[in-house]
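Novice: Okay, here's the structure, questions in a sec.
Read-outs throughout are calculated quantities, based only on the coordinates presented, and are distinct from any laboratory measurement. Worth saying up front: this structure is predicted, and the values here are computed from it rather than measured. Glycine also receives a Cβ, built like all others from the backbone with ideal geometry; neighbour counts cover every protein chain displayed.
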Amino acid sequence: MPTYETRARFNADHRRLTPEQRHRFRQAVTAFVHDLRAGGNFRTGLRVKRVQRSTGVYEITWSMGSGPAGRATWEYGPERRPGTPHVIWRRIGSHDILTGP
């Protein structure tokens, strides 16, 4: 199982999400973790890609139902357990988070 940590900005962003938005994020993370465990070839539906103009920062996008798509930015951190990816969650919300990923 991959390890993770969250940044303070992620935590503040996460608190502003509705319960439904948090639920949809958890669903996306379940798929994300499955793909990480399987070697990091992320399924197309997660739309994982590198954030432009940010070294080592990636975004994951998922449906939030009605309204704008949900996004979270993350980066790989130093492994906590050998051979196990470590993810640092940076921001979560809508497209607006990309101004300070």
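Novice: Determine the dipole magnitude for segment 1-50: charges of +1 sit on the beta-carbon of Lys and Arg, -1 on that of Asp and Glu, nothing else is charged, the reference point is the Cα centre, and the result goes in debye to the nearest 20.
Specialist: Using only the charged Cβ atoms, the result is roughly 180 debye.
Novice: For the chain, what is the mean residue ellipticity at 222 nm derived from helices alone (per DSSP H run of n ≥ 4: -39500 (n - 2.57); sum divided by total residues; nearest 500 deg cm²/dmol)?
Specialist: The helix-only estimate for the chain comes to -9000 deg cm²/dmol at 222 nm.
Novice: To test your reading of the geometry: what angle, between 0 and 90 degrees and rounded to tens, separates the Cα axis of helix 19-37 from the longest principal axis of the chain?
Specialist: It is inclined by approximately 20 degrees.
Novice: Consider all pairwise Cα distances in the chain and report the whole-number % of them above 16 Å.
Specialist: Every Cα pair in the chain considered, those over 16 Å come to 55 percent.
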